[in-house]
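**Student:** Please find one structure pasted underneath; my questions will follow.
Values in this text are rule-based calculations from the coordinates and carry no lab data. On a predicted model such as this, the values are computed, not experimentally measured, just so you know. Ideal geometry is used to build each Cβ from the backbone, glycine not excepted, and the neighbour counts take in all protein chains shown.
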Amino acid sequence: MAAPLPWQRGTFWALYVPAICWLLLFLIVPIVLMGAISLRADIQGELLGPWTPTLVQYETIAAIGSYWRLLAISIAMALVVAVIAVTLAYPLAYFLVFRAGRAAAVCLVLLLIPFWTSFLLRVMSWKFLLGSEGAINSLLMYADIVSAPLAGMLYSRNAVIVTLVYVWIPFAALPISAALQRIEPDLLEAAADLGAPPRRSFWAITFPLSLPGVLAAFFMVFIPTVGEYVTPLLVGGSRGSMYGNVIQDFFTKAANWPRGAALSMVMLAVTLILVAIAARLVNIRRLLG
């Protein structure tokens with residue numbers, strides 16, 4: 001193999017160094033700082049001044065069972081949101097790749113239109129839809145399906161799940177559609193020539209080859225949803241709180257940064273362990289081929 005030319009090496013480092021610096025500054029350094037703050041006993045004194053590392057925050061978290069229950073609830077909600085979002089996004093991505101035809105570009109733009117609006121506005125729209133005087137309750141009462149507004153639709157964990165599924169469906173559809181686009185049409189044509197019906201071709205060829213995109217979409221939804229706090233704050237209320245809301249309270253209302261940082265590190269560790277276990281069970285290397 002010929003040695004790379006000087007301009008090729010220069011191009012490589014010009015693309016490689018900025019990405020590494022960005023990763024260090026906005027991912028590694030914040031995580032290290034968060035871990036360092038979690039080892040403080042309190043926030044008294046200077047933030048970067050001398051202090052003695054201690055595990056008192058982690059000992060307190062381990063002794064309070066409500067933190068672990070809320071973390072388990074948040075993980076379960078993130079799992080439900082990821083499964084539903086990926087399940088609903090798959091037929092959408094399938095339509096864009098195999099059925100939209102010339103209208104695929106227009107359909108893709110329509111899929112991305114929600115990204116053009118503020119995340120807060122999209123979440124707030126569900127607050128108006130699910131409220132006691134919202135569009136859904138008004139429609140049910142107008143159709144005489146219910147005699148009084150359904151009070152449990154808003155400020156509950158179900159409202160949080162519905163809103164998060166709506167928010168994440170466009171994101172989940174993108175990696176799935178990318179995986180579907182990489183499938184060679186010749187494989188489907190060969191299956192049809194051999195007499196395989198469309199349903200058999202889908203389960204034997206299309207779905208297995210799209211699993212990397214499905215897996216990427218699942219983790220892309222699951223990981224950030226575990227620490228979600230904006231959506232539960234707006235549509236969940238006190239009954240729909242998640243683990244991220246507790247972290248937010250310690251950083252804002254309680255002004256207890258060490259406790260909030262320790263809770264964040266616990267959530268990060270638990271999420272990484274779950275992802276590692278899932279990767280081990282699914283065997284990502286074999287799946288990616």
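**Student:** I want to check the label-to-label distance for S138 and R200. Put each point 7 Å from Cα in the C-beta direction and report it in nm to one decimal.
**Tutor:** 5.3 nm
**Student:** Moving on to the next point. Quick one: what are the phi-derived ³J(HN,Hα) couplings along the stretch 135-149, Karplus 6.51/-1.76/1.60 with θ = phi - 60°, whole Hz, x for glycine and proline?
**Tutor:** 5, 5, 5, 5, 5, 5, 6, 5, 8, 6, 7, 10, 9, 9, x
**Student:** Per Stokes-Einstein, at 10 °C and 1.306 mPa s, what whole-number D in µm² s⁻¹ belongs to the chain, with the Kirkwood radius over Cα pairs as the hydrodynamic radius? Could the numbers behind the result be given before it?
**Tutor:** Numbers: Rh = 22.6 Å.
Once the numbers are plugged in, D ends up at 70 µm²/s.
**Student:** How many angstrom separate the Cα center of the stretch 198-256 from the Cα center of the stretch 109-125?
**Tutor:** Taking the Cα centre of the stretch 109-125 as reference, the centre of the stretch 198-256 is 17 Å away.
**Student:** Same structure, new question: Using a 10 Å cut-off on Cβ atoms, rank the peptides 189-201, 240-252, 122-134 from the highest mean neighbour count down.
**Tutor:** Descending mean neighbour count gives 240-252, 122-134, 189-201.
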